[in-house]
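Peer 1: Here it is, the structure, as structure tokens.
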């Protein structure tokens with residue numbers, strides 16, 4: 001690593017010296033190094049290396065805070081373990097805060113004090129971003145979204161072709177002859193968004209949701225340009241870039257005069273748009289923002305769609321995406337949709353707010369240099385799935401779908417991975 | 001007033017002052033300004049964060065580490081008891097009344113004996129276990145030892161303070177050291193612990209994660 005310049009260090013430390021509120025100062029002063037958080041972290045549990053202990057991750061940022069922002073740290077750095085921000089420290093931070101944490105927040109709930117460890121990890125990532133030290137692989141994903149409007153850099157022409165192909169394919173199915181996938185239609189109730197992995201690798205999940213919209217007689221549209229629900233600015237720690245990406249969707253809703261922005265099945269994208277987006281933008285949304293799972297549940301509860309759980313007869317389990325459940329409050333919403341759609345549902349253990357991350361969160365799927373680690377920490381999830389005996393794993397997050405698919409292959413689980421839209425579409429009962 | 005009592009009193013005042021400044025800074029910085037549309041209740045989240053969320057069955061840090069968790073709870077109860085006794089002993093009429101009740105002093109000493117042992121257990125665990133040793137730095141050891149000695153000397157005070165000048169001097173000097181050191185290192189979590197619970201309750205309450213949602217009737 002090149003020697004850090006004063007400008008880089010100052011930019012990073014500014015984040016610690018000028019906190020926006022009392023949250024940062026609180027969590028940087030609260031850890032007591034009890035070490036009891038270790039067992040709640042999938043990295044520490046599977047890799048068994050002390051550097052992955054959540055308290056050590058907090059300590060990285062806190063030691064810098066003490067060194068530069070506290071009197072004791074300035075006078076007696078050895079007493080309180082106050083560290084200099086130098087090249088060695090930056091390298092350790094990159095390895096552990098980017099490559100050794102999915103920011104799933106499981107350790108937060110189980111921390112004996114209540115330190116928001118995931119939040120501190122993101123502050124550490126913000127510091128690295130301020131120094132221009134985001135791993136190139138992750139930054140490339142963000143750059144693609146900034147430059148093309150979607151994180152995979154899919155050209156509009158290719159996207160439109162895929163949508164038209166999916167529409168024709170769907171219309172060949174019985175009961176869906178008149179179903180459409182509208183593009184850039186103004187004045188709709190719903191502007192629906194996608195994870196770019198859908199048009200690229202999982203186009204059937206688009207037609208699955210189109211079927212649900214058709215069955216519910218919804219007024220909806222996709223944008224042909226700004227449809228990407230993901231926001232890797234949440235993971236690279238650059239709030240400015242996260243704000244630009246959030247603005248893509250914000251402006252598209254206004255442009256197409258849609259009433260509601262519906263977030264496709266993407267955990268971090270939903271979080272980054274629903275919860276963090278207004279803060280990145282510095283303004284509240286002028287329209288309603290909801291996840292697609294909540295919308296589907298509205299259809300079920302109001303009778304706009306009818307489901308026959310017997311059409312999904314195989315044993316199904318649910319993987320709770322961290323950003324939708326532990327960090328998004330959709331614990332029961334996910335269960336409602338899944339239970340209404342399948343005949344044989346079994347929970348993982350643990351599940352819900354205690355569920356383990358799949359290992360693909362935090363931008364891990366974008367950082368290929370940590371692939372080996374990512375698959376190793378997924379062992380916990382693989383064992384959880386195997387223990388349920390389920391043949392189908394449902395999860396409303398395309399990053400989770402990706403990671404779970406790789407885990408199924410790597411650990412020979414032999415399970416199908418589906419989104420909620422897919423399992424709901426499979427259970428749809430169409431009126432003749 | 002004896003000089004060592006004055007020293008302890010001054011240290012306590014300094015401690016309250018500095019911690020008060022920390023508290024004022026938190027107030028000045030204010031709570032998070034979240035522009036997203038709230039889904040749950042911050043008040044309920046904060047209440048849950050400080051009550052049910054702290055129950056041992058809710059935390060792996062508790063139910064997967066019961067001996068350490070229990071030792072930590074007893075240790076902290078001992079600290080708060082010692083702090084209470086320090087305040088009482090600084091008031092001469094209360095001090096005289098307290099030492100007139102031998103059975104109460106014996107009971108308090110017994111409680112402090114248990115909490116002191118817990119303090120030493122946690123201290124030696126930090127030294128002996130490799131992952132704890134690697135996680136710890138000087139401040140952790142000084143903080144742990146200071147609070148354990150505080151309890152040990154409160155225990156001794158309960159046994160001997162009425163008649164021993166030597167114990168009195170040592171007790172008040174240990175108290176003075178603790179109060180002097182408290183705002184310096186991690187013992188500051190005396191304040192930041194409560195702030196952390198607030199922020200956690202705010203975060204999860206806003207997003208309707210806490211209190212946990214009741215199961216919907218799916219039938």
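The values are calculated or read from the model by the stated rules, or taken from the named source; none is laboratory data. None of the values given here were measured: they were computed from a predicted structure. So basically every Cβ, Gly included, is an ideal-geometry build from the backbone, and we count neighbours across all protein chains shown.
Peer 1: Among the residues of the stretch B:183-199, is there at least one that is more than 14 Å from every other protein chain (Cβ to nearest Cβ) and part of a helix (DSSP H, G or I)?
Peer 2: no
Peer 1: From (1) free of Cβ contacts under 8 Å to residues at least 60 places away in the same chain; (2) at the interface with chain B (Cβ under 10 Å from one of its Cβ atoms); (3) assigned to a loop (DSSP other than H, G, I, E, B); (4) out of contact with any strand residue (DSSP E or B) (no Cβ under 9 Å at 6 or more places or on another chain), pick out the condition that doesn't hold for residue A:286.
Peer 2: Evaluating residue A:286 over (1) free of Cβ contacts under 8 Å to residues at least 60 places away in the same chain; (2) at the interface with chain B (Cβ under 10 Å from one of its Cβ atoms); (3) assigned to a loop (DSSP other than H, G, I, E, B); (4) out of contact with any strand residue (DSSP E or B) (no Cβ under 9 Å at 6 or more places or on another chain) leaves (2) as the failure.
Peer 1: Would you be able to tell me the number of residues in the stretch B:48-70 that are within 21 Å of residue A:328 (Cβ to Cβ) and at pLDDT 95 or above?
Peer 2: 4
Peer 1: Still on this structure: On the basis of being touching a residue at least 12 places away in the same chain (Cβ under 8 Å), assigned to a helix (DSSP H, G or I) and away from chain B (no Cβ under 14 Å), does residue A:374 make the cut?
Peer 2: So residue A:374 fits the description; yes.
Residues checked against (1) over 30 Å from residue A:59 (Cα atoms); (2) within 14 Å of chain A (Cβ to nearest Cβ); (3) surrounded by 13 or more Cβ atoms within 10 Å (Cβ to Cβ); (4) at pLDDT 95 or above:
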| residue | (1), (2), (3), (4) |
| --- | --- |
| B:86 | yes, no, yes, yes |
| B:89 | yes, no, yes, no |
| B:93 | yes, no, no, no |
| B:97 | yes, no, no, no |
| B:110 | yes, no, no, yes |
| B:139 | no, yes, yes, yes |
| B:145 | no, yes, yes, yes |
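Peer 1: What about residue A:305, is it over 28 Å from residue A:103 (Cα atoms) and within 14 Å of chain B (Cβ to nearest Cβ)?
Peer 2: So residue A:305 does not fit the description; no.
Peer 1: Pull out all pairs, ordered by first then second residue, where Cβ-Cβ is under 6 Å, the residues are six or more apart or on different chains, the first lies in the stretch A:73-84 and is free of Cβ contacts under 8 Å to residues at least 40 places away in the same chain, and the second is in a loop (DSSP other than H, G, I, E, B) and crowded, with 16+ Cβ neighbours inside 10 Å.
Peer 2: Taking only residues 6 or more apart or on different chains, the pairs are A:73/A:80; A:73/A:82; A:80/B:185; A:81/B:137.
Peer 1: Go through the stretch B:17-46 and give me each residue that's more than 14 Å from chain A (Cβ to nearest Cβ) and either surrounded by 14 or more Cβ atoms within 10 Å (Cβ to Cβ) or more than 25 Å from residue B:174 (Cα to Cα) (or both).
Peer 2: B:43 - this is the single residue of the stretch B:17-46 that is more than 14 Å from chain A (Cβ to nearest Cβ) and either surrounded by 14 or more Cβ atoms within 10 Å (Cβ to Cβ) or more than 25 Å from residue B:174 (Cα to Cα) (or both).
Peer 1: For the stretch B:116-137, what are the residues that are under 19 Å from residue A:80 (Cβ atoms) and more than 19 Å from the chain's Cα centre (by Cα)?
Peer 2: B:127, B:132, B:133, B:134, B:135, B:137 - these are the residues of the stretch B:116-137 that are under 19 Å from residue A:80 (Cβ atoms) and more than 19 Å from the chain's Cα centre (by Cα).
Peer 1: When only residues in the stretch A:341-371 that are in a helix (DSSP H, G or I), buried (at least 21 other Cβ atoms within 10 Å of the Cβ) and within 14 Å of chain B (Cβ to nearest Cβ) count, which is nearest to the chain's Cα centre (by Cα)?
Peer 2: Going through the qualifying residues, I end up with A:353.
Peer 1: Please work out which residue is nearest to residue A:249 (Cα to Cα), limiting yourself to the stretch A:143-199 and to residues that are part of a strand (DSSP E or B) and more than 18 Å from the chain's Cα centre (by Cα).
Peer 2: Here the answer is A:191.
Peer 1: Still on this model: Please state which of the following conditions residue A:253 fails to meet, knowing it meets all the rest: (1) touching a helix residue (DSSP H, G or I) at 6+ places or on another chain (Cβ under 8 Å); (2) closer than 15 Å to residue A:273 by Cβ; (3) outside any loop (DSSP other than H, G, I, E, B).
Peer 2: All conditions pass for residue A:253, except number (1).
Peer 1: For the stretch A:78-91, how many residues are within 14 Å of chain B (Cβ to nearest Cβ) and buried (at least 16 other Cβ atoms within 10 Å of the Cβ)?
Peer 2: Here the count works out to 5.
Peer 1: Which of the numbered conditions does residue B:210 fail, given that it passes all the others? Conditions: (1) modelled with pLDDT of 95 or more; (2) crowded, with 20+ Cβ neighbours inside 10 Å; (3) assigned to a helix (DSSP H, G or I).
Peer 2: (3)
Peer 1: Tell me which residues, restricted to the stretch A:1-29, are over 28 Å from residue A:351 (Cβ atoms), at the interface with chain B (Cβ under 7 Å from one of its Cβ atoms) and modelled with pLDDT of 95 or more.
Peer 2: The answer is A:22, A:23, A:25, A:26, A:29.
Peer 1: Further question on the same structure: Can you spot a residue in the stretch B:161-182 that is in contact (Cβ under 8 Å) with a residue 24 or more places away in the chain, under 17 Å from the mean Cα position of the chain (by Cα) and not in a helix (DSSP H, G or I)?
Peer 2: Scanning the stretch B:161-182 turns up at least one residue that is in contact (Cβ under 8 Å) with a residue 24 or more places away in the chain, under 17 Å from the mean Cα position of the chain (by Cα) and not in a helix (DSSP H, G or I).
Peer 1: Give the number of residues within the stretch A:35-52 that are under 27 Å from residue B:32 (Cα atoms), facing chain B (nearest Cβ under 9 Å) and not in a helix (DSSP H, G or I).
Peer 2: 1
Peer 1: Being buried (at least 24 other Cβ atoms within 10 Å of the Cβ) and not in a loop (DSSP other than H, G, I, E, B) is true for just one of A:120, A:94. Which residue is that?
Peer 2: So the residue among A:120, A:94 that is buried (at least 24 other Cβ atoms within 10 Å of the Cβ) and not in a loop (DSSP other than H, G, I, E, B) is A:120.
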